[in-house]
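Q: Pasting a structure here, questions to come.
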Amino acid sequence: IVLSLFWRRLNTSGAVAGLATGLAASLTLILVSPSIMGANRALFPLENPGIVSIPVGFLGAIVATLLTREPSAEKKFDELRVRASTGLGAERS
């Protein structure tokens with residue numbers, strides 16, 4: 001989701017893939033970490049998998065975005081940037 005603030009091309013498929021990839025990586029690494037398996041039998045040495053699962057999630061979002069094209073996402077990015085910077089369009093009619 002953080003990537004959507006900075007990358008104009010990120011689309012829905014990329015966001016969903018990034019979230020799913022990061023979640024799957026973190027759950028897998030937690031299951032094989034010392035906090036679950038014990039210090040002597042752990043396959044992954046860290047108790048907090050964020051240092052690995054966050055970049056994996058970013059990579060999943062980037063790959064899924066590059067494999068799919070959603071031109072409306074780029075247009076919405078420009079509209080959102082103007083609205084966030086100026087507040088235009090935020091008033092209710």
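Q: Looking at segment 1-15 only, could you name the residues that are outside any helix (DSSP H, G or I) and not charged (D, E, K, R)?
A: At the first step, the residues of segment 1-15 found to be outside any helix (DSSP H, G or I) are 1-2, 7-11.
Within segment 1-15, 1, 2, 7, 10, 11 meet the criteria.
Q: Could you list, in sequence order, the residues of segment 34-93 that are among the hydroxyl-bearing types (Ser, Thr, Tyr), in contact (Cβ under 8 Å) with a residue 40 or more places away in the chain and part of a loop (DSSP other than H, G, I, E, B)? Break it down stepwise before answering.
A: So in segment 34-93, the residues among the hydroxyl-bearing types (Ser, Thr, Tyr) come out as 35, 53, 65, 68, 72, 85-86, 93.
Filter once more, keeping what is in contact (Cβ under 8 Å) with a residue 40 or more places away in the chain: 65, 68.
Selection gives 68 alone.
Q: Looking at segment 14-56, which of the residues that are under 11 Å from the mean Cα position of the chain (by Cα) and hydroxyl-bearing (Ser, Thr, Tyr) is least open to solvent (accessible area, probe 1.4 Å)? Full working, then the answer.
A: The first filter runs over segment 14-56 and keeps only residues under 11 Å from the mean Cα position of the chain (by Cα), leaving 14-23, 53-56.
Filter once more, so that each one left must be hydroxyl-bearing (Ser, Thr, Tyr): 21, 53.
Values: 21: 49, 53: 10 Å².
So, considering only residues that are under 11 Å from the mean Cα position of the chain (by Cα) and hydroxyl-bearing (Ser, Thr, Tyr), the one least open to solvent (accessible area, probe 1.4 Å) is 53.
Q: To continue, here is another question. Just a yes or no: is a residue in segment 60-75 at pLDDT 90 or above, of a type in the set (A, V, I, L, M), under 12 Å from the mean Cα position of the chain (by Cα) and open to solvent by 40 Å² or more (accessible area, probe 1.4 Å)? Show your work before the answer.
A: To start, the set of residues in segment 60-75 that are at pLDDT 90 or above comprises 60-68.
Then drop every residue that is not of a type in the set (A, V, I, L, M), which leaves 61-64, 66-67.
When the remaining residues are screened for being under 12 Å from the mean Cα position of the chain (by Cα), the result is 61-64.
So of that shortlist, the ones also open to solvent by 40 Å² or more (accessible area, probe 1.4 Å) come out as 62-63.
Yes: segment 60-75 contains one or more residues that are at pLDDT 90 or above, of a type in the set (A, V, I, L, M), under 12 Å from the mean Cα position of the chain (by Cα) and open to solvent by 40 Å² or more (accessible area, probe 1.4 Å).
The values are calculated or read from the model by the stated rules, or taken from the named source; none is laboratory data. Note that this is a predicted model, so its numbers are computed, not measured. Note that we place each Cβ from the backbone using ideal geometry, even for glycine, and neighbour counts take in every protein chain shown. These accessible areas exclude ligands, DNA and RNA; they are computed on the full protein's heavy atoms, side chains included. Shrake-Rupley method; radii C 1.70, N 1.55, O 1.52, S 1.80 Å.
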